Each structure stands twice: as C-alpha cells, then as structure tokens.
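Worksheet for the structure shown next.
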Amino acid sequence: MEADTVCHLCVFANMDSLWLACGDLSLVEDGTDLMASSFQYDRAYVRKPGTFSIDPVSLPIAGRHSAVGRRASPASDLPYFGAIRDATPDSWGRRVIESKLGAPLNGLPELQYILNAGSDRVGALDVRSDASSLPLRGKDSWDILPNLAEAAGLIERGLPIPQEFANIFVQGAGLGGARPKASVRDERGTLHLAKFSSEGDRFDVPAVEYATLRLARMAGLRVPEVRLELIEGRNVLLVRRFDRYWAIPGDTAPQGDGRFVRGNAPAGSVEHRIPFVSALTLAACDEMDSRHLSYGNLAGCLERYCRTLLAYDGAAELYKRMIFNVFVSNCDDHLRNHGFLWDAELKSWRLSPVYDVLPSPSHAYERYLHLAVGQEGRLATLNNAVSRCSEFCLNRREACDLIAEVWAAVRDWKTHFRDSGVNAVDVDKVASAFRHIDDISSEELRREMP
C-alpha cells in the first residue's frame, strides 16, 4: 500500500494590486484524492495592517496574535479549506487543465489543479509551488476572444489544442462552473468573464443568460455590467468581473458600491482584486450537503460575517434573488452560485452581485429550487417564500412589497427578452420556465400584494 503524499504550497494574497505571500498550505493526497490539508499564516502577513482573512471560517485573523505560529485545519473536518476550494478550478477549469496535461477526466491530484489554475482565478488569492514563484499569466487581450471561443469548443469535444490557442490553458483554467468560459479583457482593458455556448445547448444560452441578468437588474437586483457579442457567428456573454476594480494608487477616497458592478478605469489607476468566498465556504459544508441548506441559512451567514447595515441590506437583496429564482425557475441556485466579497473600506464581508442565473424550462406544476425556500422546503412558490420571511429581517408586508417589485419586472419578460436580442424560437423554448404570479401564490396571498 502506497503512503500518502504530502506537499507544501505557498498561498499569496493580493493587496493594493501587489502579491504578498501569506502562508503555507499543506496537502495530504492519496493518488487523485485529497485526504487532508492544513495552513499556517506567515508571521509578516498577519502583522501587516489591512490584511484580510483568506478564509473567514477556518482561518480568521481577527485575533491576530492567536493566528501567528498556529497550523490550522479546515472547519467541519473537511479535507480542504473553503476559500482554497473557491480559488481552485471547478468542472470546466479541470477539463482545461486535463487537456493541457493530457490527463483523463478527473485523473489528476488536487495539487495539479491548484497549481495550473493561473493567477487570474476568482478573488484575491493565488497558490504557487513556493514563495519565489511568479504569477502564471497568459495573454488576455480582446483580440484573442475568437481563439478562446474556438479552443473551448475543441476542449469540449476532446480534441487537441493547437499552439496558437494555448492561451485557453491560462485564461480558462481558473474558473468555476461546468460551462465553457474564459477570462478576457475588453477594449478598455477591463477584465470580463466570457461565457460561450456549449455543444449540448437546447437554446442560445449566452443570449438567454444575458437577457435574464438584465431582467434581474430591472427587478432591482445588483448585477454587474453585461454585454453580448457575436463571435464567429455565435453569441458570447461577457460579464464584468466583480472581483476586480480600478483605483489610483495611494488614493484613500471611498470607492462605494460602484466598484463591485462597474468597470470604468480612471486615468492613472491600476487594477485591484477583491477577496471572494462562496456561500458554500461560509456555510462550512461540502457540496453534497448544499441541498440540505436554505436561503434562511444564507441570511444567517450575512448576519454572522457582515456588518449590521450590510447584513440588513443583503438580507433583503437575498430575499429578492430567491423570489426572482422562483419566478424564472432558476434551479441551479446552489451555494457556489452565491458569493461574498470583502469590503476593505468597511472591514466586512458583503453579498456579491448576482451571477449564474438561467431559466430552466419545465412543464412540471410543482417546481423546486436547489436551496430550501421556506416551511415547505425547496418548493418554489411565493406562499412558501413568505412563510419564513422573518429570517430575512422582513415582516409579511415588506416581503409582499419585494415580491411585487420583482413581479413588476418579470411579468413582461417576453418583451424584454426580444429587446435583448433573444430570437423568437428561443423565447418559445424557455417560456415554460417563467411562472405567472397567480400560479405560484394563493388567492389570499395575492390579495396582500400591493
């Protein structure tokens, strides 16, 4: 029987656009299985003013003296730290790395996925072989978008990648989710997530997701800048990376909420990174346990990890997102599709802008979200959503007002989709995903609506 392999890696954190070595990550692996991990903060990082906890659950540095010289293990007896998992490739990124290294599906140790993810991974962390290693960067300029789109299609089909398309091995490796995507900069140099169509799509997914995100903004949700581009005859959705913002070095003026959703770059500014963790990390659980949690549990994470005002505002926003998901049948609302950003100005975590929202066509009368909605579990109805509105710091009247706000936008979704460029055929294909308010609420509840 072979002994477990133990390896040590250096974790970096980005602060004020500079990389700082923040600690030693130890991985214990048995072949392709990660068995355990541990982490010890670098003494200089902990003592530096303004540094952030790389994992607020397992590795808090609020009591900085207690964090020095202590090797910590992940919460809930997990084999990995949630924040490291968030900075590690998910399904699509792993396919990219396997293509690069000529490996079979899920055939690499976790070490290889972590090290080959590149330095444009989500959030403000990077993981390298040692403290002297340089960031792994690729060409990410606007002109390579057609090559990235074509390379993504080749990877999906299991075909080799020509050298001229090799940038996909960096720009596509560090990203989450199962669908093909890559990071690319627009004409102004602002980093975006480019989301491509997939071989098995039943409709134009980039166009539909684009229209859905714009609809979410109309419903009052916080949505990053999005645009739709036609590349080689196929739509590509571009989502402004909300874990990046621009600021002038040394400028201490408050940036405000705009830095999380807008991509304008003032003259003389440089790109900064914003720490990110998923709701799965704050819930301190495994992905298999995600289905057993609820939107109310997420509201509890807001209360625990966010300052009071951010938690209060975030709870109302989270409630509206849940309502929006009920109306559009977005059942891919698992914990990795909810995120939190570190607000360095307020020294607090806060709910990230909404992302990965897509209608799921269905002819079922009863529908369910991934997370529990209310007293009737995951059942996607407005009565169920109202049943536990107090978990979001809302009374019944306030909950009904928020439902009415979302419905005011969603009720005319067809016109909005057509105006957003979704063709008539695809509008018909996704129509069954959208629920009429009368079909998902009782007559009694309808009478309470404004």
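Worth a mention:
- If you go through region 348-388 and keep only what is closer than 15 Å to residue 279 by Cβ and not in a loop (DSSP other than H, G, I, E, B), you end up with 349, 350, 351, 372.
- Residue 393 touching a residue at least 12 places away in the same chain (Cβ under 8 Å) and out of contact with any Lys or Arg (no Cβ under 7 Å at 6 or more places or on another chain): yes
- Screening residue 206 with (1) crowded, with 19+ Cβ neighbours inside 10 Å; (2) out of contact with any strand residue (DSSP E or B) (no Cβ under 9 Å at 6 or more places or on another chain) gives one miss only, at (2).
- You will find that of 183, 198, the residue that is touching a helix residue (DSSP H, G or I) at 6+ places or on another chain (Cβ under 7 Å) and within 18 Å of residue 233 (Cβ to Cβ) is 198 and no other.
- Residue in region 101-117 that is among the hydroxyl-bearing types (Ser, Thr, Tyr) and either farther than 22 Å from residue 230 by Cβ or buried (at least 17 other Cβ atoms within 10 Å of the Cβ) (or both) present: yes
For every residue, the table says whether it meets (1) closer than 30 Å to residue 314 by Cβ; (2) in a strand (DSSP E or B).
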| site | (1), (2) |
| --- | --- |
| 174 | yes, no |
| 179 | yes, no |
| 182 | yes, yes |
| 187 | no, no |
| 198 | no, no |
| 203 | no, no |
| 206 | yes, no |
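- One residue stands out in region 282-293 among those that are part of a helix (DSSP H, G or I) and out of contact with any strand residue (DSSP E or B) (no Cβ under 9 Å at 6 or more places or on another chain): the one that is nearest to residue 391 (Cα to Cα), namely 290.
- Selected residue (only one of 406, 427 is in a helix (DSSP H, G or I), in contact with a Phe, Trp or Tyr (Cβ under 9 Å, 6 or more places away or on another chain) and free of Cβ contacts under 8 Å to residues at least 24 places away in the same chain): 427
- Output for region 218-238, where each listed residue is crowded, with 18+ Cβ neighbours inside 10 Å and not in a strand (DSSP E or B): 219, 221, 222, 223, 224, 225
- Inside region 4-37, residues that are of a type in the set (S, T, N, Q), free of Cβ contacts under 8 Å to residues at least 60 places away in the same chain and either farther than 22 Å from residue 119 by Cα or surrounded by fewer than 18 Cβ atoms within 10 Å (Cβ to Cβ) (or both) make up a count of 1.
- Among the candidates 397, 336, the residue that is part of a helix (DSSP H, G or I), over 18 Å from residue 283 (Cα atoms) and basic (Lys, Arg) is uniquely 397.
- Checklist (1) outside any helix (DSSP H, G or I); (2) of a type in the set (A, V, I, L, M, F, W, C); (3) surrounded by 15 or more Cβ atoms within 10 Å (Cβ to Cβ) applied to residue 155, failing item: (1)
- Within region 294-323, the set of residues being buried (at least 17 other Cβ atoms within 10 Å of the Cβ) and not in a helix (DSSP H, G or I) comprises 294, 306.
- Residue pairs whose Cβ atoms lie under 8 Å apart, separated by 6 or more positions or on different chains, with the first residue in region 284-308 and at negative phi and the second among the hydroxyl-bearing types (Ser, Thr, Tyr) and not in a helix (DSSP H, G or I), are 305/348; 306/348; 307/348.
- Test: residue in region 134-150 that is under 20 Å from residue 81 (Cα atoms) and free of Cβ contacts under 8 Å to residues at least 60 places away in the same chain: no
- Subset of region 175-193 that is of a type outside the set (D, E, K, R) and more than 13 Å from residue 244 (Cβ to Cβ) - its residue that is modelled with the lowest pLDDT: 176
- Each residue in region 47-80 was checked for being crowded, with 18+ Cβ neighbours inside 10 Å and in contact with a helix residue (DSSP H, G or I) (Cβ under 8 Å, 6 or more places away or on another chain), and 11 of them qualify.
- Of all the listed residues (205, 277), the sole one being at pLDDT 95 or above, under 27 Å from residue 91 (Cβ atoms), under 17 Å from the mean Cα position of the chain (by Cα) and β-branched (Val, Ile, Thr) is 277.
- Top-ranked residue of region 407-450 - restricted to ones that are within 15 Å of residue 380 (Cα to Cα) and of a type in the set (Val, Ile, Thr), ranked as surrounded by the most Cβ atoms within 10 Å (Cβ to Cβ): 440
- Verdict on residue 356 being touching a Pro at 6+ places or on another chain (Cβ under 7 Å) and not small (Gly, Ala, Ser): no
- Of 388, 367, 291, 396, all but one fail to be closer than 21 Å to residue 205 by Cβ, of a type in the set (Lys, Arg) and surrounded by fewer than 21 Cβ atoms within 10 Å (Cβ to Cβ); the exception is 367.
- Condition check for residue 85: assigned to a helix (DSSP H, G or I) and in contact (Cβ under 8 Å) with a residue 40 or more places away in the chain: yes
The values are calculated or read from the model by the stated rules, or taken from the named source; none is laboratory data. As the structure is a prediction and not an experimental result, all values here were calculated from the model. Virtual Cβ from ideal backbone geometry, glycine too; neighbours counted across all protein chains shown.
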